[in-house]
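The values are calculated or read from the model by the stated rules, or taken from the named source; none is laboratory data. Here the structure is a predicted model, which means the values were calculated and not measured. Positions of Cβ are generated from backbone atoms using ideal geometry, with glycine treated the same way; all protein chains shown enter the neighbour counts.
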Amino acid sequence: MCGIVAYVGPKDAAPILLEGLQRLEYRGYDSAGVAVVASKALKTRKVKGRVADLAAVMPARFKGTTGIGHTRWATHGVPSDVNAHPHLSSDERIAVVHNGIIENADALRQRLEGEGVKFLSETDTEVLAHLVSRAVEETDSLEDAVRRALKSVVGTYGIAVVDAQRPGEVVVARLGSPIVLGIGEKEMFAASDVAALVRYTRQVVHLEDGELAVLKADGFHTFGGDARETAKEPLTVDWETANYDTGGYEHYLLKEISEQPDTIARTLRGRLDDRFHVAHLGGLNMDARETRSFKRVKIIGCGSAYYSGQIGAQLIEELARIPADAEPASEFRYRSPVVEADTLYVAISQSGETYDTLAAVQELKRKGGRVLGIVNTVGSAIARECDGGVYLHAGPEVSVASTKAFTSTAAAFALLALHLGRVRDLSPADGRRICEGLRALPDQIKEILTQEEHIRSLAHKYAASPGMMFIGRVRGYPVAREGAQKLKEVSYVHAEAYPASELKHGPLALIGPEMPTVAIVPDDEMLDKNLTTLGEIRARSGRILMVGHRETDQADDCIVVPKNQNELDPILLSIPLQLFAYHAAVALGRDVDKPRNLAKSVTVE
Ligand code: G6P
């Protein structure tokens, strides 16, 4: 999705803006641009293409110590130089970069055109530049002009604005699209994502919806919707620049898959209690009585977050014996859900920004629901909106396809299920069994990663298939769904996931030599039934790649993973499927870290 970077301070802004934009490349974009203020005039460059293309057209002298930059993901108007941000007012005094969507842009454009304004681009953003330009004539503060302009806007925005007449000042504002301020030494930064800031500062401030901030080299002021100044506490982020380098790996995706022994360990660190075999989750903000009071758990998230929620629902049902289910947040938010006081709602998000999930949380809060967040990004919008929660501490995930956040979320659910279970009927012995299982995960993941070469050769073997079926029963089903999701996201090979038990109720018609099946076959109560299903597939000449705990001659190929506790096996069974998708994508020459049409976090509706 679109990215914003802004700078004000003593240094030249352009190199800082370009570097920041590069850090945001992982989010997906189609054009890029910057504007800096120099000697009471704006200098602008923007291109369709990559940040490197923008850097290539920047003149050597592009001086100016205040500036804004943008990577655009086209919504209104095709990707082109003209439609790229920043957008300028007709007198080239005001420049604006914008994330989000202005829903009444057409009406505003018509009104402004009626008043004689000439538009250059097809974007919704350009109306903002003209609105601010008109307002700035009537007030002596840029902050006030931006506030006035935003009053006529319906929609969502994260914006950064500069005024050629006010070098040394940037105004930013947010409604539904993230803006984070970075505090430096006699310099200030702003961005839509912490990734753009970590090279320069760890001290950040997140803007809330409706807030606006004025940045100058010597500091910042934030204001609420009512124009009153708000007090903000800076947060220290522990993410490092190294998280945004491939660190010797060919792709972020492989790096992040390989990091999982460590990322799972970080999610668990300090949270397992060997004395009482319970989990300590300090951020839940609930006492034991409240924790016992819930009769149901409803989990919401999008994409891979939703599938990890399905694993979570099973863990909670099995360990805590509370009815639990997961639903896509993108559906939940629109179907006017019945919100119950004795249901615990859990929202999952790696980025903490996914708009559908955020909107679902807001709807729940409006209706009085109790919402916990399982979130990777500290201080993100979803984390702030929830009543409490569990941070993953998995470090930033850069590759568009989620891997380490997926397994860390599942591990966080195991902790939550243990916690909910141990205030109910889960015995100390079962508590110990789960604690031991969780502690074993990092080494077991290392063992799976040693099989990369075997998995690579299987990915090469199956990558040419026109499509693949992924099946699993009960605990294996969300694993199959996430495996299919990974494959289609990064390799573009068509993949369908089905409960293995449903195969005979329809999809068996697809099975034949052209449609291989990836079967998740853990060594659990479902083993015999799963082996019977493999027999049915073979009887239809279907090829089978089995992922499980022991080899079987019912399958053409097998990937064997170490056995953990039945409830925790889904975490380990997911990892070979990540490697399989990765190597299939490499074999097919795909843009592994930035698959076509996808964005890392979808911050629009
Ligand atoms: C996008 C990404 C998915 C991701 C989903 C949820 O659709 O392409 O890979 O799973 O968003 O993201 P979140 O940051 O909320 O976990």
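With the structure loaded, tell me whether SER330 is assigned to a helix (DSSP H, G or I), within 22 Å of ASP569 (Cα to Cα), hydroxyl-bearing (Ser, Thr, Tyr) and within 13 Å of the ligand (Cβ to nearest atom) or whether it fails that test. Reasoning before the result, please.
Values: assigned to a helix (DSSP H, G or I): yes; within 22 Å of ASP569 (Cα to Cα): no; hydroxyl-bearing (Ser, Thr, Tyr): yes; within 13 Å of the ligand (Cβ to nearest atom): yes.
Criteria not met by SER330.
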Residue, surrounded by the fewest Cβ atoms within 10 Å (Cβ to Cβ), within region 399-416, restricted to residues that are over 20 Å from ASP593 (Cβ atoms) and either more than 16 Å from the ligand (Cβ to nearest atom) or modelled with pLDDT under 95 (or both) | LEU415
Being buried (at least 23 other Cβ atoms within 10 Å of the Cβ) and in contact with a Leu (Cβ under 7 Å, 6 or more places away or on another chain) is the filter; apply it to region 321-356 and report the residue that is nearest to GLU567 (Cα to Cα).
-> VAL346
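Counting only residues that are part of a loop (DSSP other than H, G, I, E, B) and in contact with an Asp or Glu (Cβ under 9 Å, 6 or more places away or on another chain), how many does region 275-294 have?
Step one: of region 275-294, the residues part of a loop (DSSP other than H, G, I, E, B) are 275-277, 280-281, 285-287, 294.
In the following step, the residues that additionally are in contact with an Asp or Glu (Cβ under 9 Å, 6 or more places away or on another chain) were identified as 277, 280, 285-286, 294.
Looking only at that region, the number is 5.
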Scan of region 579-595 for residues that are within 15 Å of the ligand (Cβ to nearest atom) and over 16 Å from the mean Cα position of the chain (by Cα), ordered by number = ALA581, TYR582, ALA585, ARG590, ASP591, VAL592
Restricting attention to region 295-327, report how many residues are within 16 Å of the ligand (Cβ to nearest atom) and in a loop (DSSP other than H, G, I, E, B).
-> 2
Residue count, region 500-535, condition among the hydrophobic types (A, V, I, L, M, F, W, C), more than 23 Å from LYS488 (Cβ to Cβ) and in contact (Cβ under 8 Å) with a residue 40 or more places away in the chain, comes to 1
Looking only at region 292-300, decide whether some residue is surrounded by 18 or more Cβ atoms within 10 Å (Cβ to Cβ), at pLDDT below 95 and in contact with a strand residue (DSSP E or B) (Cβ under 9 Å, 6 or more places away or on another chain).
-> no
Within region 417-429, is even one residue within 13 Å of the ligand (Cβ to nearest atom), outside any helix (DSSP H, G or I) and among the β-branched types (Val, Ile, Thr)?
-> no
Any residue in region 335-362 that's farther than 19 Å from VAL390 by Cα: show its pairings with residues that are assigned to a helix (DSSP H, G or I) and away from the ligand (no atom under 13 Å from the Cβ) at Cβ separation under 7 Å, as long as the two are six or more apart or on different chains.
-> VAL339/LEU364; ASP342/SER293
Check region 136-148 and report whether any residue there is at pLDDT below 95, more than 27 Å from the chain's Cα centre (by Cα), closer than 24 Å to THR75 by Cβ and charged (D, E, K, R).
-> no
Can you find a residue in region 500-507 that is among the basic types (Lys, Arg) and more than 16 Å from the ligand (Cβ to nearest atom)?
-> yes
Could you run through region 333-349 and say how many residues are β-branched (Val, Ile, Thr) and either within 14 Å of the ligand (Cβ to nearest atom) or closer than 20 Å to GLU208 by Cα (or both)?
-> 2
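Name every residue in region 367-385 that is part of a loop (DSSP other than H, G, I, E, B) and surrounded by 24 or more Cβ atoms within 10 Å (Cβ to Cβ), in order of residue number.
ASN376, THR377, SER380
I'd like to verify a number: residues in region 350-398 that are among the β-branched types (Val, Ile, Thr) and either outside the structural domain of CYS302 (by TED's automatic domain parsing) or within 9 Å of the ligand (Cβ to nearest atom) (or both), how many?
5
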Applying the selection to region 333-355, what residues are at pLDDT below 95 and not in a loop (DSSP other than H, G, I, E, B)?
-> TYR355
Among ASP553, ASP569, the single one that is surrounded by fewer than 16 Cβ atoms within 10 Å (Cβ to Cβ) and charged (D, E, K, R) is ASP553
Going through region 119-135 one residue at a time, which ones are farther than 10 Å from ARG109 by Cβ, surrounded by fewer than 24 Cβ atoms within 10 Å (Cβ to Cβ) and touching a His at 6+ places or on another chain (Cβ under 9 Å)?
-> LEU120, SER121
Please enumerate the residues belonging to region 315-373 that are among the hydroxyl-bearing types (Ser, Thr, Tyr) and closer than 17 Å to LEU392 by Cβ.
-> SER349, SER351, THR354, THR357
Residue in region 433-455 that is under 26 Å from GLY589 (Cβ atoms), within 16 Å of the ligand (Cβ to nearest atom) and assigned to a helix (DSSP H, G or I) present = no
Mind checking whether some residue in region 261-273 is more than 27 Å from GLU489 (Cα to Cα), more than 26 Å from the chain's Cα centre (by Cα) and in a loop (DSSP other than H, G, I, E, B)?
-> no
Mind listing just one residue for me: the one in region 448-479 that is under 20 Å from VAL521 (Cα atoms) and β-branched (Val, Ile, Thr) and, of those, surrounded by the fewest Cβ atoms within 10 Å (Cβ to Cβ)?
-> VAL474
